[in-house]
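Undergrad: I am attaching a structure below and will ask some questions about it afterwards.
The values are calculated or read from the model by the stated rules, or taken from the named source; none is laboratory data. All values reported here derive from a predicted model rather than from experimental measurement. Cβ: placed from backbone, ideal geometry, glycine included. Neighbour counts: every protein chain shown. The protein model used for the area step is the full one, side chains on, heavy atoms only, and it has no ligands, DNA or RNA in it. Shrake-Rupley method; radii C 1.70, N 1.55, O 1.52, S 1.80 Å.
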Amino acid sequence: MTQESDSRPAVLFVCLGNICRSPMAEGAFRSAARKAGLEAKVDSVGTASYHIGESPDPRAIRIARENGVDIAGLFGRQIQRDDFYVSSHIFALDKANLQGIRAHEPRGGTAHVALLNDAVDGLAGRSIEDPYHGDEDDFRRVWEEVNRAAGALVDRFLAEGSDAHFGPPPQ
Ligand code: 4NP
């Protein structure tokens, strides 16, 4: 069974360069949502401008492909004002980028902003570290982490729709 269209989440994953972690998260979430019958919009961006227009890192493409997910067609882009209005949820891959997102956040932005691991029991507040200067094992570790979070997100969205809240309770 799929959800009502008005509760369809629009999810944006955010890292620094948008070539390693956030494209992997986008691919893992899109795949998990499709398998679960969750209708969702998915995108990813970076807080930095270094890799605008570039394909994901070849190591990220390879590890995703090993896991049956094709992210080769994605292109890097930088977070922009509209993202805070068209997204229902914006997930930072780490705490530094959570701060970066907050720095870009326009007054009146409607997206719910949280750390990705806030969706995972026992991992709230924990960053998914940058693998860019690491090796393939670091990319495999990132895949495991984003895939676990993607599964948790799908479960929460299926249960609660696009009103799902992640992180500390609203004040
Ligand atoms: P990402 O990894 O934020 O997971 O895409 C990085 C990619 C590139 C750089 C840093 C992190 N860089 O400094 O170019």
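Undergrad: Find the centroid of the Cα atoms in the range 34-48 and in the range 49-94, then give the distance between the two in whole Å.
TA: When both Cα centres are located, 10 Å separates them.
Undergrad: In whole Hz, with x marking every Gly and Pro, tabulate ³J(HN,Hα) for the range 25-36 from phi via Karplus 6.51 cos²θ - 1.76 cosθ + 1.60, θ = phi - 60°.
TA: 5, 4, x, 5, 5, 4, 5, 5, 5, 4, 4, 8
Undergrad: What is the set of long-range amide H partners of VAL42 at a cut-off below 5 Å, with H atoms built 1.01 Å from backbone N?
TA: Counting only residues 5 or more places away or on other chains, the set is VAL11.
Undergrad: Would you please give the residues with an amide H less than 5 Å from that of VAL113, counting only those at least 5 places away or on a separate chain, with H modeled from the backbone geometry?
TA: Here ILE90 satisfy the definition.
Undergrad: Placing unit charges on C-beta atoms (Lys and Arg positive, Asp and Glu negative, everything else neutral), compute the dipole magnitude of the chain about its Cα centre in debye, rounded to 20. The partial results should precede the final answer.
TA: Numbers: 19 positive and 26 negative charges, 36 e Å.
In total the dipole reaches around 180 debye.
Undergrad: For the range 23-128, which whole percent of the accessible surface, found with a 1.4 angstrom probe, sits on carbon and sulfur atoms?
TA: 47
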